[in-house]
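Read through the structure below, which is laid out as structure tokens, and then see the notes.
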Amino acid sequence: MARTRSLLGLEHLTADEITHLLKLARTMQLRKPRPLLRGKRIALLFYESSTRTRVSFEFAAKLLGAHTALISATASSIEKGESLVDTGKTLQALGADCIVVRHPSSGAPNVLARNLHIPIINAGDGMHEHPTQGLLDAFTMLRHKKPLKGLRVIMVGDIQHSRVVRSNVHLLAKFGASITLCGPLELLPETAASLSPAIKITRHIQEAVRKADVVMMLRIQKERLAGLKLDVGKYIADYQLTAERLRLAKPGALLMHPGPMIRGMEIQSELADGHQSVVEEQVQNGVYVRMAVLATCLGAL
Amino acid sequence: MARQTLSIRNGFLIDPAQRLEGKYDFLLKDGRVAELAPAGKLRGRADETINARGMVVCPGLIDIHVHLREPGQQHKESIATGTRSAAAGGFTSVCCMPNTLPVNDTPEITRWMLDPAREASVNVFPVGAATVGSMGRTLTDFAALKRAGAVAISDDGKPILEESIMRQALMGAGRLGIPVIQHAEDTRCTESAVMNAGPTAFRLGLRGWPTEAESAVVERDIQLAAETKGHYHVAHLSTAAALKAVRKAKRERLRVTCEITPHHFAMTDEDVGEYNTNCKMNPPLRSAFDRETLIAGLSDGSIDCIATDHAPHAANEKNQEFDRAPFGITGLETALGLAISILHAKHKIPLRRIVELMSANPARVMGLTGRGTLAVGSQADVTIFDPAKKWTYHAQQALSKSKNSPFDEWQLQGKVLAAVVGGSLKFSA
């Protein structure tokens, strides 16, 4: 982080850099927020719809005293055909001190970082990474389960299209967790295992859930299926998390979901509100983690 | 054509078509090779002399796959700039693909490309479109295209997928004795794919391109080549699976040839790194296994040619999200350096074979008579290079109008010193 100050992904961060961010997030959670970013301008550049990530970045920035401006693809010159690079240069010229970007193209934040001199924070790019989600997931796990080393984390569902999975895998692997990915071949290609030696792949949810410490369920990203036809009935039968299946996990296992959740699809509705679910806590923690990331990337510490 | 006579002396000749290697002198006159003699034994006198001591002299290099972008996209390249770039890369002839705007699907456009007003620095041989507008539906008039100067037929940039169209194209071109060049890509399995399927694509969250998208088309086409006896040429072959099919076809003595690009023997999909759009091309960079298999194919003769697929794009077009950036890279000025650095210096492939891959075979595949050799009477197209010279390629200094090369700042071995086209010096370093 000290090198670039942009946060493009978790793949290239060290365990120490991640630990530092998580500790800072914990400080943000415990202490009354200080105006570390007073007078700073943060552009929230959103090419894709978002509820959680956008509002949480906005609240995080405001809690630290920064101004924010939201630029969305449909209500800006992007609609008129302005390129990503030109949009970024415009925001920089307008005095933005940092750009938080959400984009459907993998690598879009890298394009901005290559062309601008202000820090770029990746708020989710295509199927690549969602680093602040990876951080908030680890933060949430650590509130309940310590240490990450040896923790059995499983992720079930649409792995192929998930930037959350990639960020989580990079982070968890650096801390020695054991990771099991589970899903049908169309949504979980064998090459997924090349992401990290810590990964195991299984096609059977029962096998994946057995003895898990953390069960992370994923939404099927219908906006990214690109023509892929999926038998929904069969998917539910094979991969939906049910109470019965969750019982195979360790007692006290955490149930996580990055949202948005489709109740009755990847997860039985009651489970989402059950005592093992930390879905809302994940959302809350997102604010602290993003405060830590903004403060660090903007050099306010 | 040059009125003057030019002699090239003291160089080391490599001319695989004549099976000649050694110290020879040449006299070039009226656009032809007038005399060839052991060093110091030339009888004729020349107005001008190039001293090529310590250099390799070979028949002019021929790139059978370039995109000159004219007509229609002169912000990327023109026939004038593209051919200057070619000369700087040691190429004295290029075959330009028909995916211009409009598509080169008529004799008028072919003739327009060949008009001296285009100010080409090297010989240009247009490839005519196989179908009208390269839309894959109606065949063009091959005979008329050939009469206008087209040397082959292709819908390059797009594949000819419809089996009946491919069969008719092979028959029609076969009757005229010219090849059908296929861009082998089953676009039904590459929709929205932007790089080779594999670990790097997964890591970057980019949509992957299966190798079967190429090999399935090549296998289908080879069947059709067997049926029709036409000459089938695979453009920019990139996979081990497709090469296997070509090898089998050659064993069966079918009229099947293929080319590969320098970038496919120089790099792998891992080089995409962190979304380097100058490593985005079609077909994409492949796995290390594919690359090694292609190098073996270059060495053992199952690959006929090296061709660059020179595909210039403006800087702003490449400076985009990876999935939005256009496919293609420039290649004319780095091809020989890459071939010598990687194939010769590293993989010990003899220079003779490299000259064969870049001159003799391309002439044979495209039916360019009198080229690809320096036998007396042949065209006075000559390339002179220093096979030992190390140099650094700076993309910004390229003569091509576009600078989209992944080889920027690469250290290369083997430098072009001169390109003589039709007896006239068109480039000298």
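Please determine, by comparing only the residues of the range B:192-217 that are free of Cβ contacts under 8 Å to residues at least 40 places away in the same chain and either more than 30 Å from residue A:165 (Cβ to Cβ) or among the basic types (Lys, Arg) (or both), which one is nearest to the other protein chains (Cβ to nearest Cβ). Taking the candidates together, the pick is B:203.
Quick one: which of B:220, B:188 is under 29 Å from residue B:326 (Cα atoms), within 14 Å of chain A (Cβ to nearest Cβ) and not aromatic (Phe, Trp, Tyr)?
After applying the criteria, what remains is B:188.
Scanning the range A:170-200 for residues that are buried (at least 20 other Cβ atoms within 10 Å of the Cβ) and within 10 Å of another protein chain (Cβ to nearest Cβ), we see that the one that is nearest to residue A:137 (Cα to Cα) is A:170.
Within the range A:106-120, work out how many residues are of a type in the set (S, T, N, Q) and either over 16 Å from residue A:130 (Cβ atoms) or open to solvent by less than 10 Å² (accessible area, probe 1.4 Å) (or both). Within the range A:106-120, residues that are of a type in the set (S, T, N, Q) and either over 16 Å from residue A:130 (Cβ atoms) or open to solvent by less than 10 Å² (accessible area, probe 1.4 Å) (or both) number 2. Residues of the range B:269-285 that are part of a loop (DSSP other than H, G, I, E, B) and within 14 Å of another protein chain (Cβ to nearest Cβ): B:273, B:274, B:275, B:276, B:280. If the condition is being touching a Ser or Thr at 6+ places or on another chain (Cβ under 8 Å) and open to solvent by 20 Å² or more (accessible area, probe 1.4 Å), then the range B:126-139 contributes B:132, B:137, B:138, B:139. In the range B:307-323, of all residues being open to solvent by less than 20 Å² (accessible area, probe 1.4 Å), within 14 Å of another protein chain (Cβ to nearest Cβ) and in contact with a Leu (Cβ under 9 Å, 6 or more places away or on another chain), the one that is farthest from residue B:90 (Cα to Cα) corresponds to B:321.
Yes or no, residue by residue, for (1) among the aliphatic types (A, V, I, L, M); (2) open to solvent by less than 10 Å² (accessible area, probe 1.4 Å):
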| site | (1), (2) |
| --- | --- |
| A:52 | no, no |
| A:59 | no, no |
| A:70 | yes, no |
| A:84 | yes, yes |
| A:101 | yes, yes |
| A:136 | yes, yes |
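Contact map, the range B:15-40: first residue farther than 15 Å from residue B:60 by Cα, second residue open to solvent by 70 Å² or more (accessible area, probe 1.4 Å) and not in a strand (DSSP E or B), Cβ cut-off under 6 Å, separation 6 or more or different chains; pairs are B:36/B:376.
Of everything listed in (1) within 19 Å of residue A:297 (Cα to Cα); (2) crowded, with 16+ Cβ neighbours inside 10 Å; (3) more than 23 Å from the chain's Cα centre (by Cα), the single unmet condition for residue A:78 is (1). Take the conditions without any contact (Cβ under 8 Å) to a residue 12 or more places away in the chain, more than 14 Å from chain A (Cβ to nearest Cβ) and more than 22 Å from residue B:422 (Cα to Cα) and apply them to residue B:304. Does it pass? The answer is no for residue B:304. Cβ-Cβ below 7 Å, separation at least six or inter-chain, first residue in the range A:60-85 and within 14 Å of chain B (Cβ to nearest Cβ) and without any contact (Cβ under 8 Å) to a residue 60 or more places away in the chain, second open to solvent by less than 20 Å² (accessible area, probe 1.4 Å) and assigned to a helix (DSSP H, G or I): which pairs? Here the result reads A:78/A:87; A:84/A:108; A:84/A:111; A:84/A:112; A:85/A:111, each pair linking the range A:60-85 to a residue that is open to solvent by less than 20 Å² (accessible area, probe 1.4 Å) and assigned to a helix (DSSP H, G or I).
Note on the range A:88-129: among residues that are basic (Lys, Arg) and free of Cβ contacts under 8 Å to residues at least 40 places away in the same chain, the one that is farthest from the other protein chains (Cβ to nearest Cβ) is A:89. Could you please let me know if residue B:374 is more than 14 Å from every other protein chain (Cβ to nearest Cβ), out of contact with any Ser or Thr (no Cβ under 6 Å at 6 or more places or on another chain) and either surrounded by fewer than 24 Cβ atoms within 10 Å (Cβ to Cβ) or in a loop (DSSP other than H, G, I, E, B) (or both)? Yes, satisfied.
The values are calculated or read from the model by the stated rules, or taken from the named source; none is laboratory data. In this text the structure is predicted, and so the values were computed from the model without any measurement. FYI the Cβ positions are ideal-geometry reconstructions off the backbone, even for glycines, and counts take in every protein chain you see. For accessibility, only protein heavy atoms count, side chains too; no ligands or nucleic acids. Shrake-Rupley method; radii C 1.70, N 1.55, O 1.52, S 1.80 Å.
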